[in-house]
1. How would you classify region 241-321 from its alpha-carbon gyration tensor, with a ≥ b ≥ c the square roots of the eigenvalues: rounded for a/c under 1.5, else prolate if a/b is greater than b/c, otherwise oblate?
2. Bin width 10 Å, origin at 0, all Cα-Cα pairs of region 216-269: what percent of pairs per bin?
3. If you count, for each residue, the other Cβ atoms within 10 Å and average over each peptide, how do 234-245, 122-133 line up from highest to lowest?
4. For the chain, what does the helix formula give at 222 nm: sum of -39500 (n - 2.57) over DSSP H segments with n ≥ 4, over the residue count, nearest 500 deg cm²/dmol?
5. Specify which labelled value, from (i) 48, 22, 20; (ii) 32, 27, 23; (iii) 35, 31, 20, agrees with semi-axes √(5λ) of the Cα gyration tensor in Å derived from the coordinates of the model shown.
6. Toward the positive end of the charge dipole of the chain, about the Cα centre and with charges on Cβ (Lys, Arg +1; Asp, Glu -1), which of His38, Ser396, Ile366 goes farthest?
7. Below 13 angstrom from the Cβ of Phe153, what's the summed charge of the other residues (Lys, Arg +1; Asp, Glu -1)?
8. My understanding is that a pair violates if its Cα-Cα distance is over 31 Å; which of Lys73/Lys282; Lys205/Lys332; Lys83/Lys205 do that in this structure?
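Every number here is computed from the coordinates shown, using simple stated rules; none is lab data. Just so it is clear, the structure is predicted and the values come from calculations on it, not from any experiment. FYI the Cβ positions are ideal-geometry reconstructions off the backbone, even for glycines, and counts take in every protein chain you see.
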Amino acid sequence: MPTTYSELKATLQLEEGKNMDSGFAYLTHYLHSHKENHALLFKEPAHKYFLDKAIENTNSRKGSGLQYYLPIKWDVPFPPPAKHKFTFIDLFAGIGGMRLAFQNLEGKCVFTSEWNKYAQQTYEVNFGESPFGDITKIGEDEIPDHDVLLAGFPCQPFSIAGVSKKNALGKKHGFLDETQGTLFFDLARIIRYKRPKAFLLENVKNLVSHDKGRTFTVIKEALRELDYTIHYKVLDGKHFVPQHRERIFIVGFDNKRVKNLSTFEFPLLPPPNRVVKEILEKRPNEKYTLTNNLWNYLQQYAEKHKEKGNGFGFGLVDLNGTTRTISARYYKDGAEALIPQAGKNPRRLTPRECARLQGFPDDFIIPVSDTQAYRQFGNSVVVPLIYTVGRQIIKSI
């Protein structure tokens, strides 16, 4: 009988959330892909990590042969597919919203990277795979070949202040120079080296208008210089969940590897038909109700800005409508989306409700504190929207 993933972790005395290092990442990546050619990238360090842990915890080499445990029986909510139609990698992975969507499209993830240790913990407990860390320290040749690259890359200001000066001096200010020092550069170097058939990038809506549009121009031109055909569009998650959440989606296809370049179109989204009351828990814990001090502060803050003609303030949710966009700061006071309660102060959304607001299924495990959970779901993606865009991508490749 195959060993379960949980049993293997128990044998090695790996505690939840306390073993998120590169050795554990190698081990879990190898376990997911041990039958495939790209597993050679992970095999040697995975075996070394396993052997070191086995000796450390049993004081002998008994049972230290990793092959003995294969294949693993995956007792996690979202195991790798038994069969797959394409491969993908998950960069700036967060808690795996994009992975979840593309696994549902019958894809297999062959590499993932996420630097935040709490997000790594949530990712591992749900997918049985621990992400590698800082992408800036990962070489292109350490990443397996793949069909699709996914990345919800952070929006960092692009420094193009020196472009005019370089133009005046007759110096080039091309792709490498304009994006050097940003996380987008790391994304672009991987695309250039690995040449995936397609990629899907997701970012905040404001990326389009940042620095009067020049930032987005740099991104588009950088990707086109890599010989990819680019499509982009701002889409709203409210078509699938009761949350107004606009994001820019950038889709690219390798001009040399994809024959159906002209067939891609962003999907027509269904009319919004979800309302907030559908995602609410029946008996939320009282700890989510705002204290008198916090509720009074939010009301006074809103009134002060109203008098100045500003629009700042809390948002009481219409239970038959949608919420504002939840963000990573939601843990502070929940001001952007407060649930009204009869006869008492409003309350925050619970972490589970935030998960539902992003389209995560209820069997998605939340192993971290409320503070970290709010940050994670505020930074995540609307899973069914990613699925719908992803389906169009897969049709084209």
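1. Working: a/c = 3.27, a/b = 2.09, b/c = 1.56.
Here region 241-321 falls in the prolate category.
2. 22, 42, 27, 9
3. Numbers: 234-245: 21.1, 122-133: 24.6.
Output ranking for 234-245, 122-133: 122-133, 234-245.
4. Values: 14 runs with 142 residues, N = 397.
Per the formula, -10500 deg cm²/dmol.
5. It is the one labelled (iii).
6. Ser396
7. Values: positive: Arg189, Arg247; negative: Asp90, Glu114, Asp186, Glu202.
Net local charge, Phe153 excluded: -2.
8. Numbers: Lys73/Lys282 34 Å; Lys205/Lys332 23 Å; Lys83/Lys205 35 Å.
Beyond 31 Å: Lys73/Lys282; Lys83/Lys205.
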